[in-house]
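Following: one structure in structure tokens, then a few remarks.
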Amino acid sequence: MSSQLASISATGSYAAQDQWNQNSKIFTGSGASVEFFSLNANDFSSFNNLFFNSIAAGTTLVFNVAGDNASLGWQWQSLGSSYNVLFNFYEASNVTLNSLSINANILAVDATINSGSGNLFGTVIANNWNNSVTLGNGTFAAANSPLFNTVTAAVPEPHHYALLLAGLMVILVTAKRRRRLLTARV
């Protein structure tokens, strides 16, 4: 799922606030109910103040972050609790959470979540957890968008196939036994 989300083109954009505030970023949405932003880990970790423009409350924001090492910190607190947020660190092996208190979800399937402090209200899916951040109740709300639904469509688990195969085997064995009984009576 992480790779599939990462392959979706950005629907939103971001730029420096002005020439004097290069690390202060303004994120602008397209007005969709799900907005995708493509970032690289170096830029992502250097952001300072963040502002959000043309993004309605309740919008799902997916931040696809490329790069091996990323740091998620205090600057993202400006997201507040107005949005349904997913940080997708699809290439990361290390993600550092630093001095944060945010409502967000993290998808970093190959990464170790390292050091840091703060509070994260959301779900974290990672390879390893080596962190003292306090996790609070929070979940990623289902996003109702054809763009997002194509990625999150249900995929049968292997045990479903095993159950199907076992059921077919029982039917075949039963049918074979009935045939044998019918031919023995004739």
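Just so you know, all these numbers are worked out from the coordinates, no wet-lab data involved. The model shown is predicted, which means the values in this text are computed figures rather than measured ones.
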Quick one: angle between helix 158-185 and the longest Cα principal axis of the chain, in degrees between 0 and 90, rounded to 10, please.
10
If you build a Gaussian network model of the chain, linking Cα atoms that sit under 10 Å apart, which residue out of THR134, THR96, THR60 swings the most?
THR134
For q values of 0.11, 0.12, 0.19 Å⁻¹, compute log₁₀ I(q)/I(0) with the Debye formula on a Cα-only model of the chain, without solvent.
-0.53, -0.61, -1.33
Please give the length that would be gained between ASN137 and SER117 if that part of the chain were fully extended, namely 0.36 nm times their separation in residues minus their C-alpha to C-alpha distance (nm, one decimal).
5.5 nm
Note: ASN53 to SER99 extended length (0.36 nm per residue) minus current alpha-carbon separation gives 14.1 nm
Through the Karplus equation 6.51 cos²θ - 1.76 cosθ + 1.60, θ set to phi - 60°, convert the phi angles of the stretch 89-95 into ³J(HN,Hα) values in whole Hz; use x for Gly and Pro.
8, 6, 10, 6, 10, 9, 10
Normalised by the residues of the chain, what does the relative contact order come to in percent, with Cα pairs under 8 Å and at least six apart?
14
ASN48's amide H: which non-local residues (gap 5+, or another chain) put their own amide H closer than 5 Å, with H modeled 1.01 Å from N in plane and none for Pro or chain starts?
SER24, LYS25
Across all Cα atoms of the stretch 1-41, Rg and the largest Cα-Cα distance (Dmax), in Å, are 12.2, 38
Whole Å is fine, so just give me how far the alpha carbon centre of the stretch 42-95 lies from that of the stretch 167-186.
60
Please identify, among ALA16, ALA111, ALA162, the residue showing maximal mean-square fluctuation in a Gaussian network model of the chain using a 10 angstrom Cα cutoff.
ALA162
Name the most mobile residue of TYR14, TYR90, TYR161, meaning the one with the largest mean-square fluctuation, in a Gaussian network model of the chain with Cα contacts below 10 Å.
TYR161
Table column - 3J(HN,Hα) (Hz), the stretch 123-132, Karplus curve with 6.51, -1.76, 1.60, x for Gly and Pro:
10, 10, 10, 8, 6, 8, 10, 9, 8, 10
Nearest 5 percent is fine: what portion of the DSSP beta bridges confined to the stretch 1-72 is antiparallel?
30
